[in-house]
Each structure stands twice: as structure tokens, then as C-alpha cells.
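One structure below.
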Amino acid sequence: MRKRLVSPPSELQNGPARDQWLDLESTARVEVSSEDPASPIEAALLPTGAKGWRAAEPGRQTIRIVFDRAQHLRRIALVFEEPRVERSQEFTLRWWPEGEQTPREIVRQQWNFTPTGSVREVEDYRVDLMEVAVLELEIVPDRSHGPAHASLTEWRLA
């Protein structure tokens, strides 16, 4: 019998190869409502190997990607992790077409994190969004208004 050990692929590696994800560092600026200095937003948006972004304060948080040039998006991938605190999170993903002032909602999703079971949420959306000027992620880390801090492990766009 022949055998070879291989590393398991990240959930976000299925689909576009790593070099096909948008290079957000050179194509956009990011606006964030808060960030813990030890977990900056770049850790979630760039493939640096860092462990993601975390808000500096509890409560509702917003991350906005503002593109230098409007983009055609075909895939939006998000990963959230919460290994310690049981909580019910909600996020909303919106986009603004070039030249428009009113956002369009892509998805509103709720997820229950439990340390003994569900600690990782992976969302992978196939979309066909033309002329995207702005993409916004709003996170309500605890729908019961507890003191949870929002966090985001990865956010990739193709």
C-alpha cells in the first residue's frame, strides 16, 4: 500500500487559489469601528498567518472595505471563531454599487457559539456583484447585549 501524509486544506482554500483572492492591501482601504492593538484588522483581511481581528470594546462593530476602483465580486468568505464564550452572534453583510448612496443587503446571519460544540462558523457565499464600491460587515457579537467582543478570523474576497 502506498501512503502519503498531506496537510488538510483550510476551508477557504477550496475554490480560488490563494493568489486569486483579492489583494486588499493594494486595492482598498479599510474602516473599522474599533480594534484591539494585539489583533488588528489586517490579521483577518491579509493572508499573514495571524489569528484575526478583535474589537477593543464590546458591542456592535462595523468593518468597511472601500475599494479604490469598483470591483466585480464573485465570492465572499468569512470565518468566525469563539472557543470560550457561549453567545448568539448576528452579522449583516452589505454592499454599495458605484455611484449609489443606499446599501444593498447581501445576507443577515445568526450563529450560536458554544465552547463544547460549535466554536467555528464558516460562511462562503457565491455572488455576482458588479461595480462594488464599498463592502460592509456589521457584527453584533451577542444578541442578548452581553459584554462580548466581536472578532473575525478571516475575510476573503474573490
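The values are calculated or read from the model by the stated rules, or taken from the named source; none is laboratory data. As the structure is a computational prediction, the values presented were derived from the model and not from experiment. Quick reminder, even Gly has a Cβ in these numbers, built from the backbone with ideal geometry, and neighbours come from all protein chains shown.
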Among the residues of the range 105-154, write down those that are closer than 16 Å to residue 62 by Cβ and out of contact with any Gly (no Cβ under 9 Å at 6 or more places or on another chain).
105, 106, 107, 108, 109, 134, 135, 136, 137, 138, 139
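If I filter the range 99-108 for residues that are closer than 17 Å to residue 44 by Cα, at pLDDT 95 or above and assigned to a loop (DSSP other than H, G, I, E, B), do I get at least one hit?
Step one: of the range 99-108, the residues closer than 17 Å to residue 44 by Cα are none.
No, that holds for no residue.
Just the residues that are among the aromatic types (Phe, Trp, Tyr) and farther than 16 Å from residue 28 by Cα, please, taken from the range 89-135.
If the condition is that a residue be among the aromatic types (Phe, Trp, Tyr) and farther than 16 Å from residue 28 by Cα, then 91, 111, 113, 125 are the ones that fit.
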Exception for residue 122 within (1) surrounded by 16 or more Cβ atoms within 10 Å (Cβ to Cβ); (2) within 12 Å of the chain's Cα centre (by Cα) falls at (1)
If we keep only residues of the range 72-97 that are basic (Lys, Arg) and farther than 27 Å from residue 145 by Cβ, then the residue farthest from the chain's Cα centre (by Cα) is 74
Out of (1) at pLDDT 95 or above; (2) under 13 Å from the mean Cα position of the chain (by Cα); (3) not in a helix (DSSP H, G or I); (4) not polar (S, T, N, Q), the one residue 47 does not meet is (1)
Cβ-Cβ under 7 Å pairs, at least 6 apart or on other chains, the range 10-35 side within 30 Å of residue 59 (Cβ to Cβ), far side in a helix (DSSP H, G or I) and modelled with pLDDT of 95 or more:
24/45; 30/45
